[in-house]
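Structure first, commentary second.
The values are calculated or read from the model by the stated rules, or taken from the named source; none is laboratory data. On a predicted model such as this, the values are computed, not experimentally measured, just so you know. For neighbour counting, all protein chains shown are included, and Cβ atoms are generated from backbone atoms with ideal geometry for every residue, glycine included.
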Amino acid sequence: MSRETLESLNANTLIGFTDKRGRAWHYRESLQGDEPNHYTGAIPVADVRRRLFGWEPIEAVSAAIIITDEGVQTIMDETRKQIVHPDTGQVLGVFKSGYQYVLHS
């Protein structure tokens, strides 16, 4: 089993060599969208790049949430930056403010 939903598994995973091992347990044709995530042979690298990594991370100012007797406070830290996923907001890393993200192709 998985913590991910069937929708997420069918949209965000790529399954190769299904001619040898069959479909993944989570396969649902109705959730495949415009192009299936199952491949009879090897998964083409171009498809991996396009379908799984077709986004650019974004920078955000780092903040900390502190709980005190007076309540919850958010403290902005201008000396740090977060690199986050643009769609989910998931923090991928926290770095010093001078850090420069470089895309590797």
Kindly indicate whether Gly98 is exposed (fewer than 13 other Cβ atoms within 10 Å of the Cβ), outside any helix (DSSP H, G or I), touching a helix residue (DSSP H, G or I) at 6+ places or on another chain (Cβ under 9 Å) and not aliphatic (A, V, I, L, M).
no
Within the range 53-105, which residues are under 24 Å from Leu14 (Cβ atoms) and of a type in the set (D, E, K, R)?
Glu56, Asp87
Checking Ser8 against (1) of a type in the set (Ser, Thr, Tyr); (2) surrounded by 13 or more Cβ atoms within 10 Å (Cβ to Cβ); (3) modelled with pLDDT of 95 or more, which single condition isn't satisfied?
(3)
Out of the residues in the range 64-89 that are surrounded by 10 or more Cβ atoms within 10 Å (Cβ to Cβ) and within 21 Å of the chain's Cα centre (by Cα), state the one that is farthest from Glu4 (Cα to Cα).
Lys81
